[in-house]
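*Asks:* Quick one: structure below, then a few questions.
Any read-out appearing in this document is the output of simple, stated calculations on the displayed coordinates, not a laboratory observation. Quick caveat: nothing in here was measured; it's all calculated off a predicted structure. Positions of Cβ are backbone-derived with ideal geometry, glycine not excepted, and every protein chain shown enters the neighbour counts.
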């Protein structure tokens, strides 16, 4: 699994509360113009379908096994630009994205499963 997190994104995640007990949960679900959307939330509770797919210092990224196939090649960055500040999730394996950048396509639709995430 190849997930990259920039130093800027790590710093912002630590500011938001990521710690030894709080992790970043990322899921992928069907939706958006291009077919797949990311869901992300800070969480403290692992479920039986969760695995840790990234670990560095205090930062852990957790996902369910179904969503994990879409996380390989993911880069997480944070931008403070004036027009659209926020986290940027860029997947090297995405074959396309919508004009606004909120969804992506891998050539196959995401499974229609409830990932139990909220933004």
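*Asks:* Which order do the peptides 8-20, 40-52 come out in when sorted by mean C-beta neighbours inside 10 angstrom, highest first?
*Replies:* Highest to lowest by the protection proxy: 8-20, 40-52.
*Asks:* Provide Rg and Dmax in Å for the stretch 3-100, with only Cα atoms included in the calculation.
*Replies:* 13.4, 40
*Asks:* If each residue of separation counts as 0.36 nm, what is the full-extension length gain between residue 81 and residue 19 once their alpha-carbon separation is subtracted?
*Replies:* Working it through step by step, the gained length comes to 19.7 nm.
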